[in-house]
Amino acid sequence: MSQKEIAVEMRNIHKIYPDGVVALKGVDFIVKKGEIHGLLGENGAGKTTLMRILYGEIKPTKGEIKIFGERVKFSGPWDAIRKGIGMVYQHFTLVPTFTVKENLFLSLLSINPKATIDEAIEKAKQVSKQTGLRIPFDRVIEELPIGVQQRVEIIKSLIREAKILILDEPTSVLTPVETKDLFEALLKLKQQGITIIFITHKLKEVKEITDHVTVLRRGQVVGTVETSKVTEKDLARMMVEREILFKLEKKPAKPGREVLVVKDLEVYDDRGLPAVKGVTLTVREGEILGLAGVQGNGQKELAEAIAGMRPVASGKIIIDDIDVTQLSAFERYKLGLAYVPDSRKVGLIYDMNIVENVALTNLYRIISKKSRRMKWGVAEKIASEVISKLEVVAPSLSTPIKYLSGGNQQKVMVGREIVREPRAFVVTEPTQGLDVAATEFIRKTLIHLRDEGKAILLISTDLDEILQLSDRIAVIYEGKIMAIGKPEEFTLERLGLLMGGVHA
Amino acid sequence: MPKENILYKFIRSLIEKIKIKKHEYIMATIEIVLSALIGFLVAGIVLYVMEYDPGEVFYIMFNYGFNDPEYLFGKAIPLIMTGLAFSIPALAGVFNIGGESQLYWGAFIGLITTYYVTQYTGIGTLGTIIGILAGILAGAAWALLIAVLRVYRGINEVITAIMLNWISYFTIIYLIIKFFTNPIIPHQSIEVPEKASLTPYPGFIIAIVGTLIVYYLLYYTDIGYKMRVSGLSPASAKYAGFDPSRAILSSMIIGGGSAGLGGSLLILAISHNIDTTMSTIYGLGFTGIGVGLLGRNHPIGIIFSALFFAGLLIGGQWVELKTGAPPMLSDAIMGIIVIALSAPYAYRLLMNYLSRLKKR
Ligand SMILES: Nc1ncnc2c1ncn2[C@@H]1O[C@H](COP(=O)(O)OP(=O)(O)O)[C@@H](O)[C@H]1O
Ligand SMILES: [Mg+2]
């Protein structure tokens, strides 16, 4: 392979974020000119980080980069753009209140200050013809569907004469039809000699469109392979293989009656597109049902629908034989449901103190029914109980929650649910961003709750967590349950396949 | 002894609070001192350039501004209430700059109900009480209109409030000239009957009681708790199962009610009538925004900040009188000082509001 044929060569790339997270550990990443190269990996594997480095947005802690054989050191995306690199982010970077042509003009200006808007339109029309990606020039961005916005985003890169196009999980926001259009366009671009780096976690897409694929796992390259020479199974194994680091002591589960039942549930996401497509789940007393899946496959919408924060399009949610589908979150909590959201920004009010935060989901115990007075004395007692039960380290009850460490914040969020003795728990990403000690504490707490007979639905993108805690495992992909069963029924490989959308 | 225990507990909790928020309090103190220095420096420079002696002006402002308690407290009454009218909605994440018109309607409705109730029943006290209540209701209803448009129609409350301010201004002038002029003094409205009117001190006490009720609502009832949660984090409100829109509605009702109370107290205790140029009631709502910001959106803080404002306003009048400076100059000086003092807090509030607007 001559130097000329290599578009991207990244060698021994390390990245440690300022907060100490080691995202990449010596990654070698080589992409041939004119190919579609897949970049595959679980959440947090480091895919986005690697590409942000290639695009000059962040600097590697160590390592070197060559573009078309030339050694480069980018001080910002503008340098990368000049070298012919374009990037389409998971979140778009268009000006929402500008029209399509204004956005295109703006992006052309960044490489050529003398460009005119007609030039931009002319170029875009050419690109549009070559790729079959049609865009409405006079429409305002924010009025367009996400799929069309993405097309504008791609064309924006192409009119700047990008020779290497990076797409970060482009299909995660698209409908199946839009995905098909996108793939057709990508193939046309490939014919014209454009190099494409395609990030995804969907195995089917890798097989369908890429020539080579590099698999990342926990900041390291597992391997780069020719796509036609591997099966989806091989890829799944590469993506998820791991040693279980520490095992938790766990008694066998003694599941009792059904406490939380979800029947044929359909829920829409914020954009009004179906996110949960007919999910049926049952969680029994004294068991943990682990819901595995890659982020953005409907988990958030499912959890919010169960909690009552998001309307249900169809289907039923039953808690303890009571149909709660039409009840508010407040009423569901009263009936014995607890929900720990995946984001502490949602669960906690940073500027309020511990007592006020504990009050949030315990309101029905704190408001005096007659006078609507807040019984702060009661709230303080509950807060003290949380602190002592979960060993929260805090200077005092009146400390604003923002001054607590992440682990202690998480303990407050979990603890305030535990002390009100609910029967069903929906817990999402309970250990995200926590250190080892806090993680173990939270996980042990969940097992303890299970042993006390609570029904727990654990929604997590962390496979280790799912494998450690679950008495049964379900896998969600694009809003549908791919499989459900005992942990013994799932090998790592099978989990990887299911999470990547392949029935196995 | 139980009494000592309570005191002891109170002091201990106070010390603890200071300890925990030490950093915040130190920063706040530095902020205020720096702001004050900058404010007086800039004001001093302006005075110097305009060829006035800054020392003399500041001396008059602060000496004469605060030496007539009855005048001072009277002046503070409407400012406390319009300060609340801004701050209560602000806690729920709404920018109510309509305190101005909410006060107008409180004043206008308060005036005519007091007048007619007193006339028909002959009982002054009854006129006063009904006038006060009617004023509160009028202010609350007017604010509710803004909130309803925001919640159910998505219309930005700042725009609605500005338009309603002018609509109210001219409507009330029209109504007074057309129906309620004083037959003896034609450029004034009918007068609050003597037996129904109040003096500044009782008026001030009613304002304080109103503020304490607001304080209780905000910090000791679920209405206030829900409002504060919604203001700080609408997502958390949804998580807990209550509707942030409801919090917007209730905060505007309470805020508008406060401005309305301010209007009726102004009429009952201070001006006793409305002149057809609205000169006695114009601007109090806008000043209330400064009062609320300077009081850091806290009811108790607002009482003190309203007194400070009232003192500056009175002092400004003395500056005009004693140095011959035009009224605009003392307004400007006061503006500079107030802006400097409230800018850091206002900045944080605005950033918070804008980031929320984006998400909407
Ligand atoms: N800006 C950041 N600051 C600190 N840590 C980050 C940042 N961005 C990503 N990370 C962390 O780096 C790791 C890799 O993340 P990312 O590159 O986004 O993975 P992927 O795109 O494969 O899901 C994760 O552990 C993530 O939490
Ligand atoms: Mg990513």
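Residue-wise test of (1) under 20 Å from B:SER233 (Cα atoms); (2) buried (at least 23 other Cβ atoms within 10 Å of the Cβ); (3) at pLDDT 95 or above.
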| position | (1), (2), (3) |
| --- | --- |
| A:GLY298 | no, yes, no |
| A:TYR333 | yes, yes, no |
| A:SER343 | yes, no, no |
| A:ASN353 | yes, no, no |
| A:SER368 | no, no, no |
Next on the checklist: Being in the same structural domain as A:ALA185 (by TED's automatic domain parsing) and modelled with pLDDT of 95 or more narrows it down to one residue among A:ILE117, A:ILE58, A:ILE53; which is it?
Outcome noted: A:ILE53
Next on the checklist: Suppose we keep only residues that are under 18 Å from the mean Cα position of the chain (by Cα) and within 14 Å of chain A (Cβ to nearest Cβ) within region B:236-290. Which one would you say is nearest to B:ILE185 (Cα to Cα)?
Outcome noted: B:ILE254
Checklist entry - B:PHE308 is checked against (1) away from chain A (no Cβ under 14 Å); (2) surrounded by 23 or more Cβ atoms within 10 Å (Cβ to Cβ); (3) part of a helix (DSSP H, G or I) and fails just one. What number does that condition carry? => result (2)
Checklist entry - Condition test on A:PRO96, is it more than 16 Å from ligand 2 (Cβ to nearest atom) and within 14 Å of chain B (Cβ to nearest Cβ)? => result yes
Checklist entry - Of all residues in region A:20-32 being farther than 21 Å from A:VAL230 by Cα and more than 15 Å from ligand 2 (Cβ to nearest atom), which is nearest to the other protein chains (Cβ to nearest Cβ)? => result A:GLY20
Checklist outcome for this item: Pairing a residue in region A:43-54 that is within 14 Å of chain B (Cβ to nearest Cβ) and among the aromatic types (Phe, Trp, Tyr) with any residue that is part of a helix (DSSP H, G or I) and more than 8 Å from ligand 2 (Cβ to nearest atom), where Cβ atoms lie under 8 Å and the two sit 6 or more apart in sequence or on different chains, gives none
Item to check | Failed item, numbered, when A:ASP118 is tested on (1) over 26 Å from A:GLY34 (Cβ atoms); (2) of a type in the set (Asp, Glu); (3) in contact (Cβ under 8 Å) with a residue 12 or more places away in the chain | outcome: (3)
Checklist entry - Does A:LEU182 satisfy the condition of being farther than 23 Å from A:PHE29 by Cα and either buried (at least 23 other Cβ atoms within 10 Å of the Cβ) or in the same structural domain as A:ILE65 (by TED's automatic domain parsing) (or both)? => result yes
Next on the checklist: Pull out all pairs, ordered by first then second residue, where Cβ-Cβ is under 6 Å, the residues are six or more apart or on different chains, the first lies in region A:57-79 and is in contact (Cβ under 8 Å) with a residue 24 or more places away in the chain, and the second is away from ligand 2 (no atom under 16 Å from the Cβ) and in a loop (DSSP other than H, G, I, E, B).
Outcome noted: A:ILE67/A:LYS83
Checklist entry - Can you spot a residue in region A:54-67 that is under 26 Å from A:VAL230 (Cβ atoms) and either within 16 Å of ligand 2 (Cβ to nearest atom) or not hydrophobic (A, V, I, L, M, F, W, C) (or both)? => result yes
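For the subset of region A:6-19 comprising residues that are surrounded by fewer than 18 Cβ atoms within 10 Å (Cβ to Cβ) and within 11 Å of ligand 1 (Cβ to nearest atom), which member is farthest from the other protein chains (Cβ to nearest Cβ)?
Going residue by residue through region A:6-19, those that are surrounded by fewer than 18 Cβ atoms within 10 Å (Cβ to Cβ) are A:6, A:11-12, A:14, A:16-19.
Filter once more, keeping what is within 11 Å of ligand 1 (Cβ to nearest atom): A:16-19.
Details: A:ILE16: 29, A:TYR17: 24, A:PRO18: 22, A:ASP19: 21 Å.
Checking each candidate, the answer is A:ILE16.
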Checklist outcome for this item: Among helices (runs of 4 or more DSSP H) entirely inside region A:335-416, those with 3 or more residues being at the interface with chain B (Cβ under 10 Å from one of its Cβ atoms) and polar (S, T, N, Q) are A:354-366
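Take A:GLU301 and tell me if it is acidic (Asp, Glu), more than 21 Å from A:ILE442 (Cα to Cα) and facing another protein chain (nearest Cβ under 8 Å). Full working, then the answer.
On the way: acidic (Asp, Glu): yes; more than 21 Å from A:ILE442 (Cα to Cα): yes; facing another protein chain (nearest Cβ under 8 Å): no.
No.
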Checklist entry - Which pairs have Cβ atoms under 6 Å, sit 6 or more apart or on different chains, and link a residue in region A:158-169 that is closer than 21 Å to A:ILE6 by Cβ to one that is within 16 Å of ligand 1 (Cβ to nearest atom) and of a type in the set (A, V, I, L, M, F, W, C)? => result A:ILE166/A:MET51; A:ILE166/A:MET87; A:ILE166/A:ILE197; A:LEU167/A:VAL88; A:LEU167/A:PHE198
Next on the checklist: Looking at region A:27-35, can you tell me whether even one residue there is within 12 Å of ligand 1 (Cβ to nearest atom), closer than 23 Å to A:HIS201 by Cα, within 27 Å of the chain's Cα centre (by Cα) and of a type outside the set (Ser, Thr, Tyr)?
Outcome noted: yes
Next on the checklist: Would you confirm, using the coordinates I've provided, whether A:ALA292 is under 30 Å from A:GLN326 (Cα atoms), surrounded by 14 or more Cβ atoms within 10 Å (Cβ to Cβ) and within 16 Å of ligand 1 (Cβ to nearest atom)?
Outcome noted: yes
Checklist entry - Which one of these is outside any loop (DSSP other than H, G, I, E, B) and surrounded by fewer than 24 Cβ atoms within 10 Å (Cβ to Cβ): B:LEU321, B:LEU293? => result B:LEU321
Next on the checklist: Quick test of your reading of the structure: A:THR195 fulfils all but one of (1) among the β-branched types (Val, Ile, Thr); (2) under 14 Å from A:LEU40 (Cβ atoms); (3) buried (at least 23 other Cβ atoms within 10 Å of the Cβ). Name the failing condition by number.
Outcome noted: (2)
Checklist entry - Which one of the conditions (1) surrounded by fewer than 16 Cβ atoms within 10 Å (Cβ to Cβ); (2) within 16 Å of ligand 1 (Cβ to nearest atom); (3) in a strand (DSSP E or B) does A:ARG242 fail to meet, given that it meets all the rest? => result (3)
Next on the checklist: Can you find, within region A:43-65, the residue that is surrounded by the fewest Cβ atoms within 10 Å (Cβ to Cβ) among those that are near ligand 1 (Cβ under 7 Å from one of its atoms) and farther than 14 Å from A:VAL27 by Cα?
Outcome noted: A:ASN43
Next on the checklist: With the requirement that a residue be under 19 Å from B:VAL148 (Cα atoms) and either within 7 Å of another protein chain (Cβ to nearest Cβ) or among the basic types (Lys, Arg) (or both), what does region B:212-227 give you?
Outcome noted: B:ILE223, B:LYS226
Checklist entry - Across region B:195-223, what is the total count of residues that are in a helix (DSSP H, G or I) and in contact (Cβ under 8 Å) with a residue 60 or more places away in the chain? => result 16
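The values are calculated or read from the model by the stated rules, or taken from the named source; none is laboratory data. Quantities reported herein were computed from a predicted structural model and do not represent experimental measurements. Here the Cβ is made from the backbone with ideal geometry for all residues, glycine too, and neighbour counts use every protein chain on show.
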